[in-house]
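The values are calculated or read from the model by the stated rules, or taken from the named source; none is laboratory data. Please read all numbers here as calculations on a predicted model, not as lab measurements. Positions of Cβ are backbone-derived with ideal geometry, glycine not excepted, and every protein chain shown enters the neighbour counts.
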Amino acid sequence: MRTLTQTDLLALWESGRSRHWLDQGVLAVETASAEAQENVADWPLGRRNRALLEIHARIFGGPLRGWAACPRCAEKLEFELDARTLAAGLEGEQEATVEVDGERFRLPTSRDLAALIGEGDATQAARSLLRRLHTAGGAAWSDAEMEAFGERLAEADPLAEIRIGFTCLSCGEVFAESLELPSFVWSELEARARRVLAEVHELALAYGWSEAEILRLTPARRELYLEMVRG
């Protein structure tokens, strides 16, 4: 995984700003990955998420900070996770396929999730996903079988879905939320890109420098110039 320059970051943001968040996550990994010749859309979700955690750690540092709203009283509850610890704690070789009661499934990918975007019903979406993952092309399963298959897939790729538990101090509600890592990382990439562009705008107005000239400045020198401009 290579470290993105600010020029790289701006190009990434510009090329992905109008895409779906699933595509934004894939694009971010493809841009930063040393394995760019591979199709990241076909990586298991855990592998993609591990790469996104590494990107976040390299650009923003370790902590993932955010909040969720309590479903009962709407109180905002903050969370903080360490990206490096989360990724390192779940390293290891992934199984190519998993087997449950004689049924074999491959691990889900970003491409699989993208194929379900139009599904309005969660149960039907889960059934459609399992059919895509089933190595024999799909079958009719009971709700109990679907739950068993889902649990086994989650065990095989524990970083595919990041669930955060909360207890609301205001009303006592206990709940969990999924952290959509592609969307989360992209929102921080966009905020950083907009901040860099605002700095470029400010320095260009003050000194008449080009964007390329400003981006070539080290962060320390740019910050000092901004301090002088702002007085």
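Restricting attention to segment 1-59, the residues being within 21 Å of P108 (Cα to Cα) and of a type in the set (D, E, K, R) number 10. A single member of R163, R152, R192 is touching a residue at least 12 places away in the same chain (Cβ under 8 Å) and within 30 Å of A220 (Cβ to Cβ), and it is R192. Of all residues in segment 85-141, those being farther than 16 Å from L52 by Cβ, modelled with pLDDT of 90 or more and part of a loop (DSSP other than H, G, I, E, B) number 5.
Could you go through segment 10-25 and let me know if any residue there is closer than 28 Å to L153 by Cβ, in contact with a helix residue (DSSP H, G or I) (Cβ under 7 Å, 6 or more places away or on another chain) and modelled with pLDDT under 95. Within segment 10-25, none of the residues are closer than 28 Å to L153 by Cβ, in contact with a helix residue (DSSP H, G or I) (Cβ under 7 Å, 6 or more places away or on another chain) and modelled with pLDDT under 95.
Of the numbered conditions (1) within 29 Å of the chain's Cα centre (by Cα); (2) farther than 30 Å from A125 by Cβ; (3) surrounded by fewer than 15 Cβ atoms within 10 Å (Cβ to Cβ); (4) of a type outside the set (V, I, T), R192 satisfies every one except a single condition; which is it? Against the list (1) within 29 Å of the chain's Cα centre (by Cα); (2) farther than 30 Å from A125 by Cβ; (3) surrounded by fewer than 15 Cβ atoms within 10 Å (Cβ to Cβ); (4) of a type outside the set (V, I, T), R192 comes up short only on (3). Checking each residue in segment 211-231 for being outside any helix (DSSP H, G or I) and exposed (fewer than 12 other Cβ atoms within 10 Å of the Cβ) picks out T218, G231.
Against the test of being modelled with pLDDT under 90 and surrounded by fewer than 16 Cβ atoms within 10 Å (Cβ to Cβ), the options A34, A74, A69 yield a single qualifying residue, A34.
Exactly one residue out of A68, A51 is in contact (Cβ under 8 Å) with a residue 12 or more places away in the chain, part of a helix (DSSP H, G or I) and either touching a helix residue (DSSP H, G or I) at 6+ places or on another chain (Cβ under 8 Å) or more than 19 Å from L4 (Cα to Cα) (or both): that is A51.
Return a yes/no flag: does segment 123-136 have any residue that is surrounded by 15 or more Cβ atoms within 10 Å (Cβ to Cβ) and among the hydroxyl-bearing types (S, T, Y). Yes; the residues of segment 123-136 include at least one that is surrounded by 15 or more Cβ atoms within 10 Å (Cβ to Cβ) and among the hydroxyl-bearing types (S, T, Y). For A198, the test of being surrounded by fewer than 12 Cβ atoms within 10 Å (Cβ to Cβ) and either over 19 Å from L64 (Cα atoms) or not hydrophobic (A, V, I, L, M, F, W, C) (or both) is passed. Can you work out which of the residues in segment 142-178 that are touching an Asp or Glu at 6+ places or on another chain (Cβ under 8 Å), of a type outside the set (S, T, N, Q) and assigned to a strand (DSSP E or B) is surrounded by the most Cβ atoms within 10 Å (Cβ to Cβ)? For segment 142-178, the residue satisfying everything is F166. Tell me, yes or no, whether segment 16-25 has at least one residue that is over 16 Å from S187 (Cβ atoms) and out of contact with any Lys or Arg (no Cβ under 9 Å at 6 or more places or on another chain). For segment 16-25, residues over 16 Å from S187 (Cβ atoms) and out of contact with any Lys or Arg (no Cβ under 9 Å at 6 or more places or on another chain): absent.
Out of P182, P158, report the one residue that is in contact with a helix residue (DSSP H, G or I) (Cβ under 6 Å, 6 or more places away or on another chain) and over 16 Å from F79 (Cβ atoms).
On inspection, the qualifying residue turns out to be P182.
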